[in-house]
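Below you'll find the structure, written out as C-alpha cells, and then a few comments.
The values are calculated or read from the model by the stated rules, or taken from the named source; none is laboratory data. Predicted model, so just to flag it, every value in this text is computed and none were measured. Cβ: placed from backbone, ideal geometry, glycine included. Neighbour counts: every protein chain shown.
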Amino acid sequence: MRLDAKPHQSRRTLRPRDAATLIVVDSSSGEPRVLLGRRRHDLVFMPGRYVFPGGRVDPGDRHIAVEDDLEPGDLKKLMVAMKGHPSPARARALALAAVRETFEEAGLLIGKPAQTTAAPRTKAWQDFYAHGFQPALAQLTFFARAITPPGRPRRFDTRFFCAPADAIVHKIAIADGELSDIEWHSIAQARGLELPNITRVVLEDLGERIAAGALRKSDAPVPFYHRRNGNFHRDLINPDSNLD
C-alpha cells in the first residue's frame, strides 16, 4: 500500500467539501466487527470499494436541534484547522451528517425517541424523524480526519466518527442505495476487502485503539491525514492544536 502514490493530473484543483463517516463497532460477540458496504460500480467516486457509511455535509445538517451532544473535547478538535469560519455549529453538523448518511445508506438510526413534533426542513431529516426518533450524538467519538488528495474526481475533507452498535435504536430496509453488501466484518476480514487506501489506514488505527481499550476516549489525539508539499502527512489533532 502506498499513501504517497501520485494522483491523476487535473486541470484544476477542487476544493475539498466537508464530509463525515460513521464507523459502527459491534463488540457483542467478542471480536469487534465494523459495518462496511460496497459502493456501486457506476459511481464516479471510489466505485466498487468497501467503505463505512458516510457522505458530504448538507446545509440542513446545521439546523437540526441536538440534546445529546458531542463531548466538548471532540467539538474543539473538530474545529482545529477547520476551513472557513470554525464554529461549534459546523462541528456538530459534521457529526449529524455522519448520522444522517448512516440512516440513508444503511438504514440505521442513531438517536433517541423524538421529543418534538416539529418537522425538520430537509426531506432526509423528515424521513429520519418520521420513525419517531431524533439524532443523538453523545455516543459518537471523533476518531480521524482525512482530506482527499488533489487530482481526484471528488475531494472531501472527511471526519470519521465511531459509535457502538448499541447506539442503533431502529433499522429500516434500504433499496437502490449507494451501498450494497452491507455487512459486519472483523478487522481481519475487512483487510481482505477492496478498500480505499485511507479506509485501510483508518481501520488499522481503529484496531490499535480497540486493542488499547481507548476507543471511547474523547481526549485521545485524532490522526489527520492530508497532503502537504506533495507528501502525505499524519498529524495529530488535540483540542489545543494549531495546524493552520
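Take THR199 and tell me if it is part of a strand (DSSP E or B) and either without any contact (Cβ under 8 Å) to a residue 24 or more places away in the chain or hydroxyl-bearing (Ser, Thr, Tyr) (or both). It is false that THR199 is part of a strand (DSSP E or B) and either without any contact (Cβ under 8 Å) to a residue 24 or more places away in the chain or hydroxyl-bearing (Ser, Thr, Tyr) (or both). Here THR102 does not fit the description of being part of a strand (DSSP E or B), within 23 Å of VAL44 (Cα to Cα) and at pLDDT 95 or above.
Only residues that are aliphatic (A, V, I, L, M), surrounded by fewer than 15 Cβ atoms within 10 Å (Cβ to Cβ) and under 21 Å from ALA114 (Cβ atoms): list them for the range 40-65, please. Answer for the range 40-65, where residues must be aliphatic (A, V, I, L, M), surrounded by fewer than 15 Cβ atoms within 10 Å (Cβ to Cβ) and under 21 Å from ALA114 (Cβ atoms): just ALA65. Output yes when any residue across the range 43-52 is modelled with pLDDT under 90 and closer than 21 Å to PHE232 by Cα, and no when none is. Taking every residue of the range 43-52 in turn, at least one turns out to be modelled with pLDDT under 90 and closer than 21 Å to PHE232 by Cα.
Residues in the range 66-74: is at least one surrounded by 22 or more Cβ atoms within 10 Å (Cβ to Cβ) and among the small types (Gly, Ala, Ser)? Full working, then the answer.
Within the range 66-74, the first condition is being surrounded by 22 or more Cβ atoms within 10 Å (Cβ to Cβ), and the residues that meet it are 70, 74.
From the residues that got through so far, the ones that are among the small types (Gly, Ala, Ser) too are none.
No.
Restricting the first member to the range 126-137 and to residues that are closer than 12 Å to THR116 by Cα, and the second to residues that are of a type in the set (Lys, Arg), the beta-carbon pairs closer than 7 Å and six or more apart or on different chains are PHE133/LYS112; GLN134/LYS112. Evaluating CYS162 against the criteria (1) without any contact (Cβ under 8 Å) to a residue 60 or more places away in the chain; (2) under 27 Å from ARG40 (Cα atoms); (3) of a type outside the set (A, V, I, L, M); (4) part of a strand (DSSP E or B) leaves one unmet condition, (1).
Suppose we keep only residues that are part of a strand (DSSP E or B) and either among the small types (Gly, Ala, Ser) or modelled with pLDDT of 95 or more (or both) within the range 148-159. Which one would you say is farthest from PRO16 (Cα to Cα)? First the steps, then the outcome.
Going residue by residue through the range 148-159, those that are part of a strand (DSSP E or B) are 156-159.
Now drop any that are not either among the small types (Gly, Ala, Ser) or modelled with pLDDT of 95 or more (or both), which leaves 157-159.
Values: ASP157: 5, THR158: 9, ARG159: 12 Å.
My answer is ARG159.
Residues of the range 24-57 that are closer than 24 Å to THR141 by Cβ and touching a His at 6+ places or on another chain (Cβ under 9 Å): ARG33, VAL34, LEU35, LEU36, TYR50.
Does LEU243 qualify as being closer than 16 Å to ARG145 by Cβ, among the aliphatic types (A, V, I, L, M) and part of a helix (DSSP H, G or I)?
Numbers: closer than 16 Å to ARG145 by Cβ: yes; among the aliphatic types (A, V, I, L, M): yes; part of a helix (DSSP H, G or I): no.
So LEU243 fails the test.
Kindly indicate whether GLY37 is of a type outside the set (Lys, Arg), part of a strand (DSSP E or B) and touching a residue at least 12 places away in the same chain (Cβ under 8 Å). Yes, satisfied. Would you say ARG209 is touching a residue at least 40 places away in the same chain (Cβ under 8 Å) and surrounded by 12 or more Cβ atoms within 10 Å (Cβ to Cβ)? Against the criterion (touching a residue at least 40 places away in the same chain (Cβ under 8 Å) and surrounded by 12 or more Cβ atoms within 10 Å (Cβ to Cβ)), ARG209 qualifies. Does the range 127-144 include one or more residues that are of a type outside the set (D, E, K, R), out of contact with any Lys or Arg (no Cβ under 6 Å at 6 or more places or on another chain) and closer than 26 Å to LEU14 by Cα? Checked the range 127-144: at least one residue is of a type outside the set (D, E, K, R), out of contact with any Lys or Arg (no Cβ under 6 Å at 6 or more places or on another chain) and closer than 26 Å to LEU14 by Cα.
Before we move on, is ALA146 in contact (Cβ under 8 Å) with a residue 12 or more places away in the chain and surrounded by fewer than 24 Cβ atoms within 10 Å (Cβ to Cβ)?
Numbers: in contact (Cβ under 8 Å) with a residue 12 or more places away in the chain: yes; surrounded by fewer than 24 Cβ atoms within 10 Å (Cβ to Cβ): no.
The answer is no for ALA146.
Pairs linking a residue in the range 61-82 that is charged (D, E, K, R) to a residue that is in a helix (DSSP H, G or I), with Cβ atoms under 6 Å and 6 or more positions apart or on different chains, are ASP61/ALA93; ASP61/LEU96; ASP61/ALA97; ARG62/ALA89; ARG62/ALA93.
Looking only at residues of the range 195-244 that are over 21 Å from LEU140 (Cα atoms) and among the basic types (Lys, Arg), we find that the one that is modelled with the highest pLDDT is ARG234. Quick check: is even one residue across the range 208-229 outside any strand (DSSP E or B), acidic (Asp, Glu) and touching a strand residue (DSSP E or B) at 6+ places or on another chain (Cβ under 8 Å)? Checked against the condition, which is being outside any strand (DSSP E or B), acidic (Asp, Glu) and touching a strand residue (DSSP E or B) at 6+ places or on another chain (Cβ under 8 Å), the range 208-229 yields no hits at all.
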